[in-house]
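**Student:** Supplied in structure tokens, the structure appears directly below.
The values are calculated or read from the model by the stated rules, or taken from the named source; none is laboratory data. Values in this document were obtained by computation on a predicted structure and should not be read as measured data. In this analysis, Cβ positions are derived from the backbone assuming ideal geometry, glycine residues included, and neighbour counts consider all displayed protein chains. Accessible surface is based on the protein model in full, side chains and every heavy atom, while ligands, DNA and RNA are left aside. Shrake-Rupley method; radii C 1.70, N 1.55, O 1.52, S 1.80 Å.
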Amino acid sequence: MRLRLLRGLALVPVLGLLAGCNMVVMQPSGDIAARQRDLVVASTGLMLLIIVPVIALTLLFAWRYRASNTRATYDPDWHHSTQLEVVIWAAPLAIIIALGALTWISTHTLDPFRPLSRIDASRPLPAGVRPLTVEVVSLDWKWLFFYPELGIATVNELAAPVDVPITFKITSASIMNSFYIPALAGQIYSMPGMQTKLHAVINRAGVYEGFSANYSGSGFSRMTFKFHGLDQAGFDRWVAKARAEGKALSREAYLKLEKPSEQEPVQYFASVDGGLYDAILNMCAVPGKMCMSEMMHIDAQGGAGKESHANRERLEYDNRHARGGHEGEAATVPASGRPARGDVQPEGMKPDAAGPEVREPGEAPDAHQGHSEPAHQHGGPAPAQMNH
């Protein structure tokens with residue numbers, strides 16, 4: 001007994017370490033994140049209205065009707081109580097109705113595509129306020145941010161003025177990721193060829209963590225950035241710094257930036273090629289590729305027939321890094337045939353015939369291995385949706 005007590009007391013200092021945990025989700029700095037926090041608290045509280053009494057009554061019944069308690073009434077013929085049935089079913093039903101109403105209202109109120117109606121709980125959105133537009137692109141493995149109204153762009157650093165609505169337009173240049181700043185709002189997926197949106201506002205100045213919340217390859221854990229919430233004067237200085245220290249983000253510079261890399265330092269771009277974000281969104285930033293908007297227009301017209309076969313390569317996207325020898329290390333193991341990071345091939349040992357091919361460093365991988373390809377052969381007819 002004494003040993004157990006000492007063990008319990010030894011855990012008390014360890015519990016004190018939890019005081020240093022960053023509970024950013026429960027102590028956010030943006031109104032959308034705060035409302036999401038309130039939804040979590042309200043939902044948890046409603047569910048605890050059932051969970052706590054059930055746990056308490058389970059312990060009470062186990063103690064009261066224990067074998068050694070001869071004073072407890074033993075009634076083997078009891079089988080029904082209308083009053084008890086009403087309590088058992090009515091209480092959960094009421095809670096489910098309350099949770100359903102709360103969820104339905106919050107789903108529409110906190111829709112990420114819905115523009116903001118307030119700055120915070122005590123301040124409605126003033127009439128005529130223009131939101132700050134930020135176009136977000138997830139790359140392997142870094143974040144690219146465009147400020148179209150300011151003509152600048154950044155890598156792995158984001159900033160916005162306090163109490164100014166932000167409209168995020170989010171896409172990906174490669175595979176799916178998830179844009180997440182816990183202090184600001186919930187996570188939103190970024191997908192190639194598609195655009196998602198998020199409306200949010202930061203209410204307190206500070207520096208906040210941002211990252212990808214969706215696994216996307218070997219550099220995923222380092223795919224982080226800083227979000228700076230600044231007053232208007234501080235934001236103006238940040239924009240001036242980006243313009244003074246930044247270089248030009250041309251189409252050629254973007255194609256170099258797009259190649260897989262890890263732990264990319266913060267970069268500023270003082271100017272951006274016109275239409276670059278739209279080209280990334282439409283998957284035609286690479287010269288010679290057909291834009292998604294053009295392909296969808298052809299589909300809407302009924303397709304282009306057999307003549308579209310000549311443009312088959314204009315519709316291939318997934319294997320461009322592999323063909324150029326720029327595929328990230330271990331990004332698609334085992335389909336790519338590259339050994340996983342940290343694996344060492346024993347000297348003189350050859351790979352199993354049924355296993356993945358192991359290539360020497362620098363050797364170009366097979367352009368088609370491990371990537372999605374149309375089912376037809378190069379010499380066969382192309383699907384009808386491909387352009388002439």
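**Student:** Need at least 3 residues that are open to solvent by 30 Å² or more (accessible area, probe 1.4 Å) and either under 24 Å from GLY234 (Cβ atoms) or at pLDDT 95 or above (or both) per element, so show me which strands (runs of 3 or more DSSP E) inside the range 168-222 make the cut, counting only ones lying wholly within it.
**Tutor:** Result: 206-212.
**Student:** Another one. Out of the residues in the range 271-299 that are polar (S, T, N, Q) and in contact (Cβ under 8 Å) with a residue 24 or more places away in the chain, state the one that is farthest from ILE152 (Cα to Cα).
**Tutor:** As a first pass, look at the range 271-299 and keep what is polar (S, T, N, Q): 271, 282, 293.
Next cut, in contact (Cβ under 8 Å) with a residue 24 or more places away in the chain only: 271, 282.
Details: SER271: 5, ASN282: 21 Å.
The selected residue is ASN282.
**Student:** So GLU135 passes all but one of these: (1) assigned to a helix (DSSP H, G or I); (2) within 28 Å of the chain's Cα centre (by Cα); (3) charged (D, E, K, R). Which condition number does it fail?
**Tutor:** Result: GLU135 passes all but (1).
**Student:** Only residues that are surrounded by 17 or more Cβ atoms within 10 Å (Cβ to Cβ), of a type in the set (A, V, I, L, M) and under 23 Å from the mean Cα position of the chain (by Cα): list them for the range 264-277, please.
**Tutor:** Listed by number, the list holds a single entry, LEU276.
**Student:** Could we say that ALA121 is open to solvent by 60 Å² or more (accessible area, probe 1.4 Å) and in contact (Cβ under 8 Å) with a residue 40 or more places away in the chain here? Let's see the steps before the verdict.
**Tutor:** On the way: open to solvent by 60 Å² or more (accessible area, probe 1.4 Å): yes; in contact (Cβ under 8 Å) with a residue 40 or more places away in the chain: yes.
Considered against the rule, which asks whether it is open to solvent by 60 Å² or more (accessible area, probe 1.4 Å) and in contact (Cβ under 8 Å) with a residue 40 or more places away in the chain, ALA121 comes out as yes.
**Student:** Here's something else I'd like to know. Test of understanding: among ALA160, ALA233, ALA153, which residue is modelled with pLDDT of 95 or more and part of a helix (DSSP H, G or I)?
**Tutor:** ALA233
**Student:** Can you find a residue that is in contact with a strand residue (DSSP E or B) (Cβ under 9 Å, 6 or more places away or on another chain), in a strand (DSSP E or B) and of a type outside the set (Gly, Ala, Ser) anywhere in the range 96-119?
**Tutor:** Yes: the range 96-119 contains one or more residues that are in contact with a strand residue (DSSP E or B) (Cβ under 9 Å, 6 or more places away or on another chain), in a strand (DSSP E or B) and of a type outside the set (Gly, Ala, Ser).
**Student:** Do you know which of the residues in the range 135-151 that are within 13 Å of PHE269 (Cα to Cα) and aliphatic (A, V, I, L, M) is surrounded by the most Cβ atoms within 10 Å (Cβ to Cβ)? Talk me through it step by step, then tell me what you get.
**Tutor:** Residues of the range 135-151 within 13 Å of PHE269 (Cα to Cα): 144-148, 150-151.
Next, from what is left, pick out any that are aliphatic (A, V, I, L, M): 144, 150.
Values: LEU144: 25, LEU150: 15.
Per the stated criteria, the residue is LEU144.
A quick yes/no check of all residues on (1) part of a strand (DSSP E or B); (2) open to solvent by 30 Å² or more (accessible area, probe 1.4 Å); (3) in contact with a Lys or Arg (Cβ under 8 Å, 6 or more places away or on another chain):
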residue	(1), (2), (3)
LYS256	no, yes, no
GLU262	no, yes, yes
ALA279	no, no, yes
VAL286	no, yes, yes
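**Student:** Answer yes or no: is there a residue in the range 53-70 that is part of a helix (DSSP H, G or I), touching a helix residue (DSSP H, G or I) at 6+ places or on another chain (Cβ under 9 Å) and either at pLDDT below 85 or not charged (D, E, K, R) (or both).
**Tutor:** yes
**Student:** Going by the structure shown, is ALA244 open to solvent by less than 50 Å² (accessible area, probe 1.4 Å), on the phi < 0 side of the Ramachandran plot and of a type in the set (Gly, Ala, Ser)?
**Tutor:** Answer is no for this residue.
**Student:** Now a separate question. State all residues of the range 84-117 that are of a type in the set (Val, Ile, Thr), more than 30 Å from THR196 (Cα to Cα) and open to solvent by 50 Å² or more (accessible area, probe 1.4 Å); if no residue qualifies, say none.
**Tutor:** VAL86, VAL87, ILE88, ILE96, ILE97, listed by residue number.
**Student:** Within the range 24-39, count every residue that is assigned to a helix (DSSP H, G or I) and touching a residue at least 12 places away in the same chain (Cβ under 8 Å).
**Tutor:** Total satisfying the criteria: 8.
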